[in-house]
């Protein structure tokens, strides 16, 4: 019984180590890919915002405050 528990423990720990080893190798590549996607999204939004800002012409605001007349 003790030998069986030892073998199962070693097999379980070995399986976890193999899975984590693969995750550690994949994590940097997944992270770089995600950063590239996020950077491209930000660049697209920035260019779209700048195009929208260029196409709008500033309007003069109509003032609702009456102008003071100058006294001579």
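In units of the rule-of-thumb radius 2.2 N^0.38 Å, the range 2-51 shows an alpha carbon radius of gyration of 2.21.
Multiplying the residue separation of residue 21 and residue 52 by 0.36 nm and subtracting their alpha-carbon distance yields 6.4 nm.
Taken together, the values in this text are just the output of simple stated rules run on the coordinates, not laboratory data. Since this is a predicted model, take the numbers as computed values, not measurements.
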